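Participant: Below you will find the structure I want to go over with you.
The values are calculated or read from the model by the stated rules, or taken from the named source; none is laboratory data. Just so it is clear, the model here is predicted, and its values are computed rather than measured. Quick reminder, even Gly has a Cβ in these numbers, built from the backbone with ideal geometry, and neighbours come from all protein chains shown. SASA here: full protein model, heavy atoms, side chains in, ligands and nucleic acids out. Shrake-Rupley method; radii C 1.70, N 1.55, O 1.52, S 1.80 Å.
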There are 2 protein chains.
Amino acid sequence: MTHLKHPAMTQALREAGYRLTQPRLAVLQVLQENDAGLSPEEIYRQGKTLCPTLGLVTVYRTLDLLAELGLARRVHSEQHCHSYASAGADRHYVICQACRRVIEFPCHGLDDLIAEVRQRTGYTIVGHLLELSGLCPDCQARQEM
Amino acid sequence: MTHLKHPAMTQALREAGYRLTQPRLAVLQVLQENDAGLSPEEIYRQGKTLCPTLGLVTVYRTLDLLAELGLARRVHSEQHCHSYASAGADRHYVICQACRRVIEFPCHGLDDLIAEVRQRTGYTIVGHLLELSGLCPDCQARQEM
DNA sequence: TTCCTTATTGAAAAAATATTTCAATACGTT
DNA sequence: AACGTATTGAAATATTTTTTCAATAAGGAA
């Protein structure tokens with residue numbers, strides 16, 4: 001763990017009164033280095049290269065903590081339910097109901113909707129996940145046979 | 001299981017070459033009677049009142065099958081990862097990162113975006129899940145203290 | 001209807017995933 | 001450098017999901 005690329009995050013941890021430990025730094029760094037949502041298991045595996053003593057239990061605990069502080073957020077990928085991503089990592093994808101193929105798409109046009117929700121509910125919105133589901137071209141063709 | 005309220009679904013099962021069994025009918029009916037996403041466990045519990053011999057294993061298998069046929073879809077509720085809902089049940093909610101409180105909101109303005117995605121990807125879109133995450137008013141206030 | 005074939009089922013066992021407990025450790029303050 | 005305490009990892013436990021397999025029941029044929 002030579003270079004910290006997340007000074008803002010580490011500071012937020014400190015300011016909330018938590019200690020800045022090697023395991024926590026490792027988890028933070030792994031999240032930062034990955035765009036996609038990662039399962040606790042994957043984070044554990046990658047994290048061990050940064051902090052060899054890291055335990056899976058600590059990964060679970062740290063993810064809970066980071067999510068509570070808004071530094072990470074839970075992402076519901078199709079394979080792994082308890083996946084996490086660095087905060088602010090929005091995701092938009094279509095998943096085929098039949099073959100599970102996933103395609104990401106650029107997302108615009110959500111801003112108005114988000115503004116409206118903020119107004120109606122009073123929530124501050126910091127991230128989103130938009131999962132569309134349907135049938136991919138291949139499976140459409142297959143169904144018509 | 002006196003009244004079948006899902007003739008279209010049962011027919012789709014038959015047409016795909018699957019048998020129309022009591023356990024499958026029970027799962028279908030439970031899904032139809034509930035708007036929210038249900039965990040396999042809950043479906044199992046409710047399904048037993050319709051088909052007393054129903055087993056949890058069969059619930060898992062049936063959900064897989066229905067999802068593959070597009071008759072049900074997986075819904076990623078925060079508490080239960082493997083939740084399922086009747087097909088076409090869209091969901092829109094904001095979840096507070098700190099206290100996990102969930103509020104649903106009516107969703108409009110997604111149609112344009114969906115049309116664009118259909119055009120770009122060729123996918124037929126039949127449902128969606130939009131999860132916004134942020135901080136609820138209470139937790140915002142608490143953080144400012 | 002009754003018989004037959006075979007997909008489907010439920011129970012048990014196994015595997016995978018998540019949580020709790022607790023003594024040992026390491027963070028940050030003094 | 002030494003101390004108090006939050007944090008850790010390992011083991012044990014609990015929960016959730018998948019696999020295996022003999023018994024059952026769905027649906028076509030007679």
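Participant: Name the residue, out of A:T49, A:T58, that is near DNA strand D (Cβ under 9 Å from one of its atoms), more than 12 Å from the chain's Cα centre (by Cα), modelled with pLDDT of 95 or more and away from chain B (no Cβ under 11 Å).
Facilitator: Checking each option against the conditions leaves just A:T58.
Participant: Given the criteria modelled with pLDDT under 85, open to solvent by 60 Å² or more (accessible area, probe 1.4 Å) and more than 9 Å from every other protein chain (Cβ to nearest Cβ), does A:D64 qualify?
Facilitator: no
Participant: Something else now. Quick check on my filter: what residues within the range A:19-45 are more than 15 Å from the chain's Cα centre (by Cα) and of a type in the set (S, T, N, Q)?
Facilitator: Correct list: A:T21, A:Q22.
Participant: Still on this model: I need the full set of residues from the range B:40-61 which are open to solvent by 90 Å² or more (accessible area, probe 1.4 Å) and either under 21 Å from B:D90 (Cα atoms) or in contact (Cβ under 8 Å) with a residue 12 or more places away in the chain (or both), in order please.
Facilitator: B:E41, B:T53, B:Y60
Participant: Answer yes or no: is there a residue in the range A:103-126 that is at the interface with chain B (Cβ under 7 Å from one of its Cβ atoms), open to solvent by less than 40 Å² (accessible area, probe 1.4 Å), modelled with pLDDT of 80 or more and part of a strand (DSSP E or B).
Facilitator: yes
Participant: When the residues of the range B:19-39 are filtered to those that are within 7 Å of DNA strand C (Cβ to nearest atom) and free of Cβ contacts under 8 Å to residues at least 24 places away in the same chain, which remaining residue is nearest to the other protein chains (Cβ to nearest Cβ)?
Facilitator: Top of the filtered list is B:R19.
Participant: Another question about this same structure. If only one of B:R24, B:R14 is within 10 Å of DNA strand D (Cβ to nearest atom), in a helix (DSSP H, G or I) and surrounded by 21 or more Cβ atoms within 10 Å (Cβ to Cβ), which one is it?
Facilitator: B:R24
Participant: Any residue in the range B:29-39 that is surrounded by fewer than 19 Cβ atoms within 10 Å (Cβ to Cβ), of a type outside the set (D, E), at pLDDT 90 or above and assigned to a helix (DSSP H, G or I)?
Facilitator: There is no residue in the range B:29-39 that is surrounded by fewer than 19 Cβ atoms within 10 Å (Cβ to Cβ), of a type outside the set (D, E), at pLDDT 90 or above and assigned to a helix (DSSP H, G or I).
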